[in-house]
Amino acid sequence: MEEFKTIKKAVFPVAGLGTRFLPVTKNIPKEMLPLIDKPLIHHGVNEAIASGCNEVVFVTGTGKESIKSYFSHSIELEDTLEKSGKTEFLNIVKNIPELAEFRYVFQEKPLGLGHAVLCAKEYCIDNYFALILPDDVMIANPTVLTQLDKIRSKYNGSVLSLERIPMSQTSRYGIVDAEQIDENVYKIKGLVEKPNPDVAPSDLAIMGRYILSPSIFKHLESINCGKGGEYQLTDAISSLLHEEPVYACIYEGERHDCGVIEGWIKATIINALRDSRYRDIAIDAFIDEIIKK
């Protein structure tokens, strides 16, 4: 049997316009919005690295230059910090570009998640790779990607992350039709992108972590434009099912949907309360507001 190797490459689609956060995202990529002391994208990169990845592929678009700048060395800033003796901050800043090998591909138009993944083909064509949607900030130990990779090692196929949702919310997610084969593990029979509750095949929604076979690329190249005028990854996975098995698991952990303002605010408050550096500040602010009311 071929020796199992953990995934080494992670793809981040970051070309979206971030319209839900306007006007702040007029000039700032949504992925660069702060979650405590790091931008959202940094949290996803940390998960990829903790899962064994050492190469990160960003699928970027117009106005996303600050993402590349963030993960590159800033000579002027590093020089200033060094001269001022701010060693702690210098080490933090210098470490960011060394986290992984960062690569960038440009998506000319936001034509959907499927098209974004296809843009990364040149870097991921030879082996399984991770796909991380940075809007979903996942808190889990082991990481959600590690949980998926363990299933890949056992069943030898692409793996999706799932979460049970209220049936009333199925029109917000890709929904799977699946057969349970182990505890929290499923074999996919079909997928539907954002179905209405009355036609949804289940309450199992696909969340923002995937491990995909390189075979996905030929299916991405053959699908037609789908729902919403975009090339849907779910359509390509549905096509892949005819060629090789696809699995999924209900992950163990916590997800913060930072793709909407309400979720980002909630994640900020929760992370502040859990961080010993900021817990007292968050609690005092909360108490002050309660007293005022």
Query - helices (runs of 4 or more DSSP H) (entirely within the range 80-170) containing at least 3 residues that are open to solvent by 80 Å² or more (accessible area, probe 1.4 Å) - result: 87-95
**Report entry** Residue in the range 214-227 that is within 21 Å of Glu179 (Cβ to Cβ), in contact (Cβ under 8 Å) with a residue 40 or more places away in the chain and among the aromatic types (Phe, Trp, Tyr) present
**Finding:** no
Requested in this report: Kindly state which helices (runs of 4 or more DSSP H) lie completely within the range 182-293 and contain at least 1 residues that are open to solvent by less than 20 Å² (accessible area, probe 1.4 Å) and not small (Gly, Ala, Ser).
Outcome: 216-222, 233-240
Report task. Find all pairs meeting these conditions: Cβ atoms under 7 angstrom apart; at least six residues apart or on different chains; first residue within the range 112-133 and farther than 19 Å from Gly226 by Cβ; second residue open to solvent by 10 Å² or more (accessible area, probe 1.4 Å) and part of a helix (DSSP H, G or I). Result -> Tyr128/Arg152; Ile132/Glu47
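Taking Lys68, is it touching a residue at least 40 places away in the same chain (Cβ under 8 Å) and within 20 Å of the chain's Cα centre (by Cα)?
In short, no.
Sort out which residues of the range 175-219 are charged (D, E, K, R) and more than 24 Å from Lys154 (Cβ to Cβ), and write them in order of number. Before you say what the answer is, go through the steps one by one.
If we filter the range 175-219 for residues that are charged (D, E, K, R), which is where we start, we get 177, 179, 182-183, 187, 189, 193-194, 198, 203, 209, 218.
Matches in the range 175-219: Glu193, Lys194, Asp198, Asp203, Lys218.
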Query raised in the report: Quick check: is even one residue across the range 43-64 buried (at least 16 other Cβ atoms within 10 Å of the Cβ) and over 21 Å from Ala120 (Cβ atoms)?
Result: no
Query raised in the report: Restricted to the range 171-181, and to residues that are open to solvent by 60 Å² or more (accessible area, probe 1.4 Å) and in contact with a Phe, Trp or Tyr (Cβ under 7 Å, 6 or more places away or on another chain), which residue is farthest from Asp198 (Cα to Cα)?
Result: Gln180
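The values are calculated or read from the model by the stated rules, or taken from the named source; none is laboratory data. All figures in this text were calculated on a predicted structure; none of them were measured in a lab. Virtual Cβ from ideal backbone geometry, glycine too; neighbours counted across all protein chains shown. Keep in mind that these areas ignore ligands, DNA and RNA; they rest on the heavy atoms of the full protein, side chains included. Shrake-Rupley method; radii C 1.70, N 1.55, O 1.52, S 1.80 Å.
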